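Q: Below is a structure I'd like to ask you about.
The values are calculated or read from the model by the stated rules, or taken from the named source; none is laboratory data. Just so it is clear, the model here is predicted, and its values are computed rather than measured. Using ideal geometry, Cβ is built from the backbone for each residue, glycine included, and neighbour counts are taken over all protein chains shown. Accessible surface is based on the protein model in full, side chains and every heavy atom, while ligands, DNA and RNA are left aside. Shrake-Rupley method; radii C 1.70, N 1.55, O 1.52, S 1.80 Å.
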Amino acid sequence: MQIQLSKKIVVLGSWMLLGFASPVLASNIENLAKSLAKIRGEVEALQSQLDIEKEKYSSKMSTLNSQLADLSVEERRQKLSIEKLQQSIDKLGVTTQQAEQSGEHLKPVLLTALAEYKRHIQGSFPFKVDDRIKAIHDLENNLANQQIDPSKAVNQTWSLIEDEIRLSKENGIYQQTILLNGEKVLVDIAKIGTVFMFFQTKDNQSGMAKRSQDGGWIFETVSDSADRERIRNLFDSLKKQIRQGYFELPNPLSK
């Protein structure tokens, strides 16, 4: 009798424990399900963010490749221009040797070379174009009016063409009048060879020279604050005579 009673107590105790455990177990399962749902949501959010970053990276790489292609085209353009100028120097040297005994024979050769040089400047990098063309005009007039000996004019022509080649290798800050929004404005110029030209105005506008659709050059301001800061850093570095190193700059070759 006593043994049976003990069994009943044990069974009753087991049922009571099971009764208490069921709500706790159910609560734990519910919490686990919520945790799993939360983790699943976080994973999906991270996957979505990863997909967006992949798309951004792919777009950025595509843009960089496009800019690299633009730079390569411009580099080839400048190399071709320099090669043509070098050919002009070589041609001038040969024709000078052939005609050096006669100033009258040398004169038309010089005028032809100067005319070719002028055409080059009119369609080339927009750095002090008026000054460069004026130097040619002055030499042409002096030669045409017999105010300079043809042999001396040869040396001056040679020097002008060599200056053009040197222009492609120099970086620095200059002042220049540009056409900005239909008005002539005196600005500070940061010139990087004959590929990039950035400017700053007295009223703190910043911009750059860009290729126009017809192949010429135009000057445009930049509105992006990050680009303005990049241009400012370039000017500060050049003013400190820092002419080599890594510079992040807005791309004037971008479409």
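Q: Please name all residue pairs, on different chains or six or more residues apart, with Cβ atoms under 6 Å, provided the first residue is in the range 107-133 and is open to solvent by 60 Å² or more (accessible area, probe 1.4 Å) and the second residue is among the aromatic types (F, W, Y).
A: From residues that are open to solvent by 60 Å² or more (accessible area, probe 1.4 Å), there are no pairs.
Q: May I pose another question? Pull up the range 126-171, narrow it to residues that are among the acidic types (D, E) and either closer than 15 Å to V109 by Cα or in a helix (DSSP H, G or I) (or both), then point me to the one that is farthest from the chain's Cα centre (by Cα).
A: Applying the filter and picking the extreme gives D149.
Q: Right, here's the next one. Can you tell me which residue in the range 191-209 is nearest to the chain's Cα centre (by Cα), limited to those that are at pLDDT below 90 and surrounded by 14 or more Cβ atoms within 10 Å (Cβ to Cβ)?
A: F196
Q: Take the residues in the range 140-189 that are out of contact with any strand residue (DSSP E or B) (no Cβ under 9 Å at 6 or more places or on another chain) and among the aliphatic types (A, V, I, L, M), then tell me which one is nearest to W217 (Cα to Cα).
A: Taking the candidates together, the pick is I165.
Q: While we're on this one: Just checking, does the range 85-104 include any residue being open to solvent by less than 40 Å² (accessible area, probe 1.4 Å), under 27 Å from D214 (Cβ atoms), modelled with pLDDT under 80 and not acidic (D, E)?
A: yes
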